[in-house]
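Values in this text are rule-based calculations from the coordinates and carry no lab data. Computed from a prediction, not measured in an experiment: that's the story for all the values here. Cβ atoms come from the backbone with ideal geometry, glycine included; neighbour counts cover every protein chain shown.
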Amino acid sequence: MEYVIQGLGLILSLSILVVLHEMGHFVFARIFKTRVEKFYLFFNPWFSLFKKKIGDTEYGVGWLPLGGYVKISGMIDESMDKEQLKQEPQPWEFRSKPAWQRLFIMIGGVLVNFILALIIYSMILFTWGSDYLPVKNATWGYHFNDVAKGFGFQNGDKIILADGKEIEEISDLSRNILLGNVKSVEIERNGQRSIVNIPHDGTKKILASGEKFYLEPRFPFVVEKVIDGNPAAKAGMQAGDSIVSINGIPFGMYTDFADKLKPYAGKKTRLGFYRNGQYLEKELIPTEDAKVGIQPKSPVHFFDVKHIEYGFFESIPAGISQGFETLGGYVKSLKLVFSKEGAKQVGGFGTIGGLFPKVWDWQIFWNMTALLSVILAFMNILPIPALDGGHVLFLLFEMITGRKPSDKFLEYAQVIGMVILFSLLIFANGNDFLKLFK
């Protein structure tokens with residue numbers, strides 16, 4: 001059921017973004033009196049799930065959920081309709097319009113997606129405000145993966161400064177280390193301060209680990225929910241139990257639990273915990289992947305999380321700022337893709353779907369939709385034939401030189417672009433399949 005909810009979240013989010021993206025092209029086409037022959041959510045090779053013609057436009061829903069499209073008269077696009085181009089240009093066709101009008105038609109989708117992201121971010125801030133954990137409020141320090149430990153970090157280290165400067169949010173710290181923007185981190189360990197230097201190949205090592213989180217705040221392991229039918233439920237553990245030991249060996253925090261439990265997968269194990277101030281132990285057998293079926297209390301229960309409220313007029317500039325920051329962060333992160341380690345982390349629909357919550361949460365859904373809207377806007381404006389940015393590139397060439405590329409050239413460019421896009425699609429989703437297989 002969890003995967004169904006994630007899948008529905010992904011489909012709903014992409015459907016909203018695709019419809020509004022294509023609406024951007026559609027609106028500008030209509031403004032400049034250009035005929036739109038089809039407006040489709042999803043692709044419809046061979047047949048459509050639904051279609052209805054209103055005026056000159058056929059509206060429909062395809063069966064292949066890989067996006068959507070508008071078919072504009074007199075334009076070389078993914079439909080590869082060459083027959084229309086053999087006829088004399090008509091006044092309502094795309095090819096008959098001035099270059100500046102065609103430019104607006106082509107960037108309409110990107111504009112709508114980016115403006116939509118700014119609106120969503122603003123409304124999220126107005127509705128829910130923003131919450132974040134200041135770096136200095138990580139009371140029990142941080143848990144590090146093996147790669148970060150290789151840099152010199154130890155579990156429990158408190159982070160004081162990065163390159164001699166304070167960093168307010170944990171997410172900023174994590175992102176800046178990953179992007180290679182941080183060279184040294186000042187930490188406090190057992191009351192003593194020292195410096196951990198980040199190696200020049202630190203980013204590659206973090207990516208190669210394949211782990212989503214290489215540092216995260218530590219917090220106590222207090223049970224929020226015991227999942228029926230799992231080892232913990234069979235042993236009689238309850239919500240509110242505070243787990244502190246495995247086979248009599250104490251451990252510090254929830255983030256230490258998974259590592260400490262791994263050696264006991266499939267073996268009889270004693271979990272020590274406090275219930276109503278009394279120390280108890282229960283015997284159970286963890287699953288072969290070292291799980292016991294316990295959902296911990298959220299970290300927000302243990303930290304002084306900073307919450308900021310926004311009025312309606314305050315949320316607008318804050319949302320715009322967040323949108324531009326998200327775009328800037330995404331553009332900077334793209335450099336990671338151009339390495340062997342980064343390329344392995346590229347994911348397709350499975351990876352994107354995994355970012356949606358397993359239990360429906362509107363705040364997370366809209367945050368993800370805004371993020372995907374930013375990504376969709378940026379990716380579509382890249383100067384790759386078959387994308388909006390490819391058409392924009394050729395239009396700018398025409399406007400600067402006064403020479404329009406031939407229809408034959410545009411046909412070849414469209415084919416090349418589609419080959420590139422399908423190759424990337426296969427590569428990204430192939431990575432998802434390999435991860436699933438592993």
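Identify all aspartates and glutamates with a Cα-Cα distance to K268 below 15 Å; exclude those on the same chain that are fewer than 8 residues away in sequence.
E281, E283, E288, D289
Which pairs break 21 Å Cα to Cα here: K205/K332; K204/K332; K262/K282; K149/K332; K234/K358?
K149/K332; K234/K358
List every residue whose amide H lies under 5 Å from the amide H of I167, counting only residues 5 or more places away in sequence or on a different chain, with H placed 1.01 Å from N in the peptide plane.
Close amide H contacts, sequence-distant or interchain: A162.
Please state the shape class of segment 223-301: rounded when a/c is under 1.5, otherwise prolate if a/b exceeds b/c and oblate if not, all from the C-alpha gyration tensor.
rounded
Please give the peptides 350-359, 147-156, 277-286 ranked by average Cβ packing (other Cβ atoms within 10 Å per residue), highest first, as a rough proxy for protection.
Highest to lowest by the protection proxy: 147-156, 350-359, 277-286.
Using the Kyte-Doolittle scale, which helices in the chain average at least 0.5 and also have C-alpha atoms spread 18 Å or more along the helix axis, with helices defined as whole DSSP H runs?
Within the chain the helices that satisfy the rule are 2-31, 99-128, 362-380, 388-401, 407-437.
Treat every Asp and Glu Cβ in segment 223-278 as -1 and every Lys and Arg Cβ as +1, leave all other atoms uncharged, and give the resulting dipole magnitude about the Cα centre to the nearest 20 debye.
Rounded to the nearest 20 debye, it is 260 debye.
What is the set of long-range amide H partners of A290 at a cut-off below 5 Å, with H atoms built 1.01 Å from backbone N?
Long-range HN contacts for A290: G266.
Packing-wise, with mean Cβ within 10 Å as the measure, how do 318-324, 396-402, 244-250, 60-66 rank, highest first?
Order by mean packing, descending: 318-324, 60-66, 244-250, 396-402.
Debye sum, Cα scatterers, segment 103-191, no solvent: what log₁₀ I/I(0) at q = 0.15, 0.16, 0.18, 0.26 1/Å?
Cα-only, vacuum Debye calculation for segment 103-191: -0.71, -0.76, -0.84, -1.32.
Sorted by packing (mean other beta-carbon atoms within 10 Å per residue), highest first, where do 193-205, 113-125 land?
Going by the mean number of other Cβ atoms within 10 Å, highest first, we get 113-125, 193-205.
Okay, helix-only estimate at 222 nm for the chain: each DSSP H run of n ≥ 4 adds -39500 (n - 2.57), divide by all residues, round to 500 deg cm²/dmol; what do you get?
It lands at -14500 deg cm²/dmol.
Let me check against my output: what whole-number percent is the relative contact order of the chain, with C-alpha pairs under 8 Å and at least 6 apart?
Worked out over the chain, it gives 18 percent.
Starting from the Kirkwood Rh over alpha-carbon pairs, what translational D in µm² s⁻¹ does the chain have by Stokes-Einstein at 4 °C and 1.567 mPa s?
51
Using a simple charge model, +1 on the beta-carbon of Lys and Arg, -1 on the beta-carbon of Asp and Glu, nothing else, what dipole does segment 131-255 show about its Cα centre, in debye to the nearest 20?
Here segment 131-255 has a charge dipole of around 300 debye.
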